[in-house]
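The values are calculated or read from the model by the stated rules, or taken from the named source; none is laboratory data. What you see is a predicted model, and the numbers here were worked out from it, not measured in a lab. Reconstructed Cβ throughout: ideal geometry from the backbone, glycine too, with neighbour counts over all protein chains shown.
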Amino acid sequence: MIDLNRIDCQSGFIPKNHDSMASGALDAMQTIGNPHTHHRFTFIPDIHHMSLLHCCMNPAGKLNDSAFTKALGGWKAFLAMLSFATVGLSHGLATAPSDSKKPLGPNVIFILADDQGWNGTSAQMHPTMPGSKSDFYQTPHIEALAHSGLRFSHAYAPGPMCSPTRASIQTGKTPAQLGMTNVGRGIQRALPSQRLMTPAFTSTLSTDERTLGEAFQDAGYATAWFGKWHLGGEGPQAHGYDRSDGNTGNENGHTRDPDNPKDIHGVTQRGLAFMEENVRRGQPFYLQLWHYAVHGPVEAHPQTIQNYEAKTHQAPGQRHTSATFAAMTQDLDTSVGKIMDKVQELSIADHTYILYMSDHGAGLNLSSNLPLREGKGTLWEGGIRVPWIMQGPGVAQGAFCQTPVVGYDLFPTLCSLAGITALPSNLAGIDLTPLLKTGQGSVHRPSDHPIMFHFPHYGRSKPHSAIRVGSFKFLHFYEQEQGMLFNLSSDPGETNDLTSTQPEKAATLRKQLEDYLHRVQAGLPVLNTRFDPLAIAQGPARGRGAGRGNPQARAGRQARIQQFQTSLETLQELWNPANRQPFLQALENIRSEVGRTSPPRGRARIRGNTLPLPRTHFQETLDKLDEWITTGKDSQLAAYLTERIEEFKAFQPGDPRPE
């Protein structure tokens, strides 16, 4: 029988110096950290002899509500730990350590890069595709993580932009479920040149949503989020994170400090201190290091830049060539190495998981995603397929997993590793732990929760959604109300549309996509009643405030580029050698509109090619079309328009609002 007078009613645990007072206790007694006192206690699991009510009675025989509440909290913490010990062992992963000085639960360290493409590191992400790693960037520590862990070759970010992905990972729900499908102000909008009005969206993660931080915090973990938040509201502290940098966005990463570019060093140091503190306390921890790198503007340590500038002359890459971007990538890799070293130094590798991934593909103004198509801001593979590496106890080493996975799978997966069973009922993700042992296991993804993506907005592409089932991917484009089907096993670059040869498969996936969007009441684009295919934006107001650093000026510039591109696409649709009149009329109207102002002089360097500034380039394109029509050399006109449209896509930096 346990002596109730010796129970610490502040925690619900028995002080360690009274271990011998307990009879019938288990031989192997585990210790955990008391979050109230920061002291260590040993729990005696003879709980059927203990009365919380008795220990919380005051001398008058009445219940002390405050003491009872604290005691009950202590019991909940213990039960959460006990839950891990049962569920974790059932997966054969992080077994409870025998050393009584180690915490019961596994630690989890989640490192998220910003804007890093699938091939954005020197760790090859697909076993048979050399192009799935960079031919220029050097990331030796991420390589080491990959060699000692499991690489997911078909891993996806939930969205092609920052905030949707972050919210989705935190909640285990799709961006469509959350109504967070874009970044910036979530108003319904449409330019005159756009056929559709895009839906409104939320820009703040609701406190009604249960997050990873809350799940781990409720299980007795210490939790921290250092780095970029970008989900609005009151920041991580309102979503289950004990420590954080607050409600941060891209601007917080613009340190302009040569010793701390993109706050890589600062984020890392705060993470290292958090690890040391909680290991010292014997407290299991969940740590998120969500970096600002490698999002633009590019910042890197001067010495790292110098090293890559020398390398550029000696062994330049073919797909990746920027010395400064490569340097920023390696600075981030150095941070990963410091975390890995600290795990070894603290002797916690046998009960610590490290996860590394990116929030979406690379922007094409800074890097290249080849052999994947397109990039950030689109649902082509280059916009959503990302590096994803997991290392930890029981996880296969040096292996590749070919099963498609997506960021919202992480909520149930990480909770499963920690033995957390209290999950929301409407999660979109699935538990991936059966894949971790060898990378060859199988998981069941319900047909009503497919891997799907929803980006009903204009940006680098027009409003579209996508779904992946098995090796097939279907993209639906709302302007044309048509789709494209690809087999990614044989065509990862999405070059061979199969809709004409496999119409049944395309129809099946389209219906599955539409059914899902309808079921979660996803926002969809509607017809723009103000649509004018000949609308061309006027040049920006000259004078004060129109510079590149002004957000309104940047937004205006991108809007003009988008309208130039849309006008050329309209001409492309109208071109018919057998009936030229609609094309000629549209060309004349566009020429008349553009001719009202003189284009600016100057040229821009895009993807290694020097091109005129967008407005100048657009007018030169119209001049060439006029010339070919006049001289009868219009056999090349269709191909010329296609080439010019692609060049205007290259001018697009992505959504001008913060990402």
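Condition (residue is surrounded by fewer than 22 Cβ atoms within 10 Å (Cβ to Cβ), touching a strand residue (DSSP E or B) at 6+ places or on another chain (Cβ under 9 Å), free of Cβ contacts under 8 Å to residues at least 24 places away in the same chain and assigned by TED's automatic domain parsing to the domain that holds residue 339) applied to segment 249-263: is it met by at least one residue? Within segment 249-263, not a single residue is surrounded by fewer than 22 Cβ atoms within 10 Å (Cβ to Cβ), touching a strand residue (DSSP E or B) at 6+ places or on another chain (Cβ under 9 Å), free of Cβ contacts under 8 Å to residues at least 24 places away in the same chain and assigned by TED's automatic domain parsing to the domain that holds residue 339. Taken together, 220, 296, 282, 271 contain a single residue that is in contact with a Phe, Trp or Tyr (Cβ under 7 Å, 6 or more places away or on another chain), in contact (Cβ under 8 Å) with a residue 60 or more places away in the chain and crowded, with 18+ Cβ neighbours inside 10 Å, which is 271. Here residue 497 fulfils each of the conditions (1) among the charged types (D, E, K, R); (2) modelled with pLDDT under 95; (3) more than 24 Å from residue 564 (Cβ to Cβ); (4) surrounded by 12 or more Cβ atoms within 10 Å (Cβ to Cβ) apart from (2). Restricting to segment 183-196, give me the number of residues that are crowded, with 17+ Cβ neighbours inside 10 Å and under 17 Å from residue 528 (Cβ atoms). Residues flagged as crowded, with 17+ Cβ neighbours inside 10 Å and under 17 Å from residue 528 (Cβ atoms) within segment 183-196 amount to 6.
Of all the listed residues (468, 530, 445, 510), the sole one being touching a strand residue (DSSP E or B) at 6+ places or on another chain (Cβ under 9 Å), among the basic types (Lys, Arg) and surrounded by fewer than 16 Cβ atoms within 10 Å (Cβ to Cβ) is 530.
Which of the residues belonging to segment 199-246 are of a type in the set (Asp, Glu) and in a loop (DSSP other than H, G, I, E, B)? If the condition is that a residue be of a type in the set (Asp, Glu) and in a loop (DSSP other than H, G, I, E, B), then 208, 209, 234, 242, 245 are the ones that fit.
Scanning segment 480-536 for residues that are without any contact (Cβ under 8 Å) to a residue 60 or more places away in the chain and basic (Lys, Arg) returns 505, 510, 511. Criterion applied to 469, 386 was being in the same structural domain as residue 498 (by TED's automatic domain parsing) and among the β-branched types (Val, Ile, Thr), and the one residue passing it is 469. Residues in segment 157-198 that are in contact with a strand residue (DSSP E or B) (Cβ under 8 Å, 6 or more places away or on another chain) and part of a loop (DSSP other than H, G, I, E, B): 157, 158, 159, 160, 161, 174, 181, 182, 188, 190, 195. Could you tell me whether segment 174-193 includes any residue that is of a type in the set (Ser, Thr, Tyr), without any contact (Cβ under 8 Å) to a residue 40 or more places away in the chain and more than 28 Å from residue 571 (Cβ to Cβ)? No, the conditions are met nowhere in segment 174-193.
Scanning segment 344-372 for residues that are at pLDDT 95 or above and surrounded by fewer than 20 Cβ atoms within 10 Å (Cβ to Cβ) returns 344, 345, 346, 347, 349, 350.
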